[in-house]
Amino acid sequence: VGEQALLKCSFKSSSPITDSLLVDWTYRPLTGGQMETIFHYQSVPHPTTAGRFKDRISWVGNVANGDASIAIESPALSDNGTFICSVKNPPDI
């Protein structure tokens with residue numbers, strides 16, 4: 001709580017990394033409910049502009065190195081839940 005939380009995500013692809021590569025981070029609260037997309041990357045980072053993580057997520061990954069990690073500023077216990085990293089590098093998923 002209070003310290004930056006690093007959410008690591010690494011991937012391997014049999015296809016060359018191109019501008020078509022997509023990274024999506026989704027979140028579901030521990031209490032259940034809807035999955036929500038909290039971060040999207042395609043050529044440039046697109047942090048969420050709404051919801052509990054607005055203005056608190058930063059891109060720390062480097063897709064050229066197979067890294068799609070993000071960081072969350074000022075995490076709180078209420079942020080507890082399931083975080084899923086999805087990487088698509090067409091035609092490889």
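Annotations
- Matching option when the condition is without any contact (Cβ under 8 Å) to a residue 40 or more places away in the chain, on the phi < 0 side of the Ramachandran plot and surrounded by 12 or more Cβ atoms within 10 Å (Cβ to Cβ), among 83, 39: 39
- The number of residues in segment 6-23 being in contact with a helix residue (DSSP H, G or I) (Cβ under 8 Å, 6 or more places away or on another chain) and not in a loop (DSSP other than H, G, I, E, B) comes to 1.
- Residues in segment 37-93 that are under 13 Å from residue 24 (Cα atoms) and over 13 Å from the mean Cα position of the chain (by Cα): 43, 89, 93.
- Unmet requirement for residue 49, which otherwise passes all of (1) among the polar types (S, T, N, Q); (2) over 28 Å from residue 91 (Cα atoms); (3) in contact with a Cys (Cβ under 7 Å, 6 or more places away or on another chain): (3)
- In this entry, residue 11 passes the filter for residues that are among the aromatic types (Phe, Trp, Tyr) and over 12 Å from the mean Cα position of the chain (by Cα).
- Residue in segment 58-70 that is in contact (Cβ under 8 Å) with a residue 24 or more places away in the chain, within 21 Å of residue 32 (Cα to Cα) and either open to solvent by 50 Å² or more (accessible area, probe 1.4 Å) or β-branched (Val, Ile, Thr) (or both) present: no
- Residue that is nearest to residue 6 (Cα to Cα), among those in segment 44-79 that are out of contact with any Phe, Trp or Tyr (no Cβ under 7 Å at 6 or more places or on another chain), aliphatic (A, V, I, L, M) and part of a strand (DSSP E or B): 71
- Of all residues in segment 1-13 being open to solvent by less than 50 Å² (accessible area, probe 1.4 Å) and among the aliphatic types (A, V, I, L, M), the one that is farthest from residue 70 (Cα to Cα): 5
- Those residues of segment 14-36 which are open to solvent by less than 90 Å² (accessible area, probe 1.4 Å), modelled with pLDDT under 95 and touching an Asp or Glu at 6+ places or on another chain (Cβ under 6 Å), in sequence order: 15
- Index of the failed condition, residue 26 passing every other in (1) assigned to a loop (DSSP other than H, G, I, E, B); (2) in contact (Cβ under 8 Å) with a residue 40 or more places away in the chain: (1)
The values are calculated or read from the model by the stated rules, or taken from the named source; none is laboratory data. Everything quoted here is computed from the prediction, not taken from an experiment. Ideal geometry is used to build each Cβ from the backbone, glycine not excepted, and the neighbour counts take in all protein chains shown. Keep in mind that these areas ignore ligands, DNA and RNA; they rest on the heavy atoms of the full protein, side chains included. Shrake-Rupley method; radii C 1.70, N 1.55, O 1.52, S 1.80 Å.
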